[in-house]
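Working notes, beginning with the structure itself.
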Amino acid sequence: MKYIIGHKNPDTDTICSAIGYQAFLEARNIKSEALALGSINKETKFVLTYFGVDLPREVSELPHNSEIILVDHNEESQSIDNLNELDIIEIIDHHKVKIQTDKPIRIHVEPLGSSCSIIAKKYFAKNLEISKEVAGLLLAGIISDTLYFRSPTTTETDKELVKKLNEIVEIEDLAEFSMLMFYAKSDMSDIKTKDLIKLDYKVFEFGGAEYGIGVMETTNKDAGLERKEEILENLTQVKKTDNLKGAFLSIIDILNKESYTLCSGNEEKELFIEMFKAEDREDVLFVDGIVSRKKEIVPVFENHLNK
């Protein structure tokens, strides 16, 4: 049995690429199981329900020496808790490569808008039949990670793949479908503030120190901003609990391509203003035109702190 796992705090691309790759392997008679390293968010639940696919099993560890395939990540800090006890046999990702392995493995990394794009390419390259359900998941994963082509991570390949996948899925209005996804993602009414911060959150190492960067992609930025004081308090706690140099939450206005960032302390706030030339709006740091953590936020941290 091979286990397919995405990163902690899984998003739609992570879950859909894992399920899509399970179907790909099983079409080639390779037994596998897609797993989740955390709770499934509302957008992903909407997508799974829409296409009639069950939620994957949630785990935090796997038995010693289990064979695993990493999708949508390759950094140890973002992966399963007992990663060092497991046998990584393959990586499929669209992020930069940082992990080290003790043996040669299969690695498929491309600068595309989503991991689902890579999985879809594998299906088409092998001329494998894609079920309507799996095609729908792959399509949704691409739409989610590219913010329906609004993100600078979007490539022409992503757009072409969505078109080909939709020939199978036959969604009449993809723009409307994408908005239904984003509305589901934006519903934070029953999510505690401490969980909201970690909903789409990753830890990165810059200049020998660790920083936590969360993003909240939404069509309703005010739903996050009205919790400003709670978020600031919880970011301070996250910084302390996780032993970080700093913690940040960027509320991303999907439709207007704007970001509103909250920081765990004054030092981090000054750092963010310096790096992004952000406008301080009473502890909310406004930057126009930023929507991508991978393409627009993390690289600035790297360039500034990895000197």
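The values are calculated or read from the model by the stated rules, or taken from the named source; none is laboratory data. Please read all numbers here as calculations on a predicted model, not as lab measurements. Don't worry about glycine lacking a Cβ; one is built from the backbone with ideal geometry, like all the others, and counts go over all protein chains shown. Keep in mind that these areas ignore ligands, DNA and RNA; they rest on the heavy atoms of the full protein, side chains included. Shrake-Rupley method; radii C 1.70, N 1.55, O 1.52, S 1.80 Å.
Can you find a residue that is out of contact with any Ser or Thr (no Cβ under 9 Å at 6 or more places or on another chain), touching a residue at least 60 places away in the same chain (Cβ under 8 Å), open to solvent by 30 Å² or more (accessible area, probe 1.4 Å) and not in a strand (DSSP E or B) anywhere in segment 100-121? No, that holds for no residue. Of the strands (runs of 3 or more DSSP E) lying entirely inside segment 228-307, not one contains at least 3 residues that are out of contact with any strand residue (DSSP E or B) (no Cβ under 9 Å at 6 or more places or on another chain). Any residue in segment 171-186 that is at pLDDT below 95 and of a type in the set (Asp, Glu)? Within segment 171-186, none of the residues are at pLDDT below 95 and of a type in the set (Asp, Glu). Taking first residues from segment 22-40 that are at positive phi and partners that are basic (Lys, Arg), the Cβ contacts under 8 Å between residues at least 6 apart in sequence or on separate chains come to Gly38/Lys8. Of everything listed in (1) closer than 14 Å to Asp13 by Cβ; (2) touching a strand residue (DSSP E or B) at 6+ places or on another chain (Cβ under 8 Å), the single unmet condition for Leu112 is (2).
Being open to solvent by less than 40 Å² (accessible area, probe 1.4 Å) and farther than 15 Å from Glu282 by Cα holds for only one residue in Leu262, Leu232, Leu244, and it is Leu244. Residues of segment 161-190 that are open to solvent by 30 Å² or more (accessible area, probe 1.4 Å), assigned to a loop (DSSP other than H, G, I, E, B) and under 23 Å from Asn9 (Cα atoms): Asp187, Ser189, Asp190.
The requirement of being open to solvent by 60 Å² or more (accessible area, probe 1.4 Å), within 19 Å of Leu147 (Cβ to Cβ) and within 17 Å of the chain's Cα centre (by Cα) is not satisfied by Lys8.
Within segment 199-227, restricting attention to residues that are assigned to a strand (DSSP E or B) and out of contact with any Ser or Thr (no Cβ under 9 Å at 6 or more places or on another chain), the residue that is surrounded by the fewest Cβ atoms within 10 Å (Cβ to Cβ) is Ala209. Only a single item in (1) open to solvent by less than 70 Å² (accessible area, probe 1.4 Å); (2) outside any helix (DSSP H, G or I) is not met by Leu196, and it is number (2). Taken as a whole, the structure places Thr12 among residues that are touching a helix residue (DSSP H, G or I) at 6+ places or on another chain (Cβ under 6 Å) and more than 17 Å from Tyr123 (Cβ to Cβ).
Between Asp187, Asp158, the distinction of being out of contact with any His (no Cβ under 6 Å at 6 or more places or on another chain) and under 14 Å from Glu217 (Cβ atoms) belongs to Asp187 only.
A Cβ distance below 9 Å, combined with a sequence gap of six or more or placement on separate chains, defines the contacts here; from segment 140-155, residues that are in contact (Cβ under 8 Å) with a residue 60 or more places away in the chain and among the acidic types (Asp, Glu) reach residues that are part of a helix (DSSP H, G or I) and buried (at least 24 other Cβ atoms within 10 Å of the Cβ) in the pairs Asp145/Thr12; Asp145/Asp13; Asp145/Ser115; Asp145/Cys116; Asp145/Ser117.
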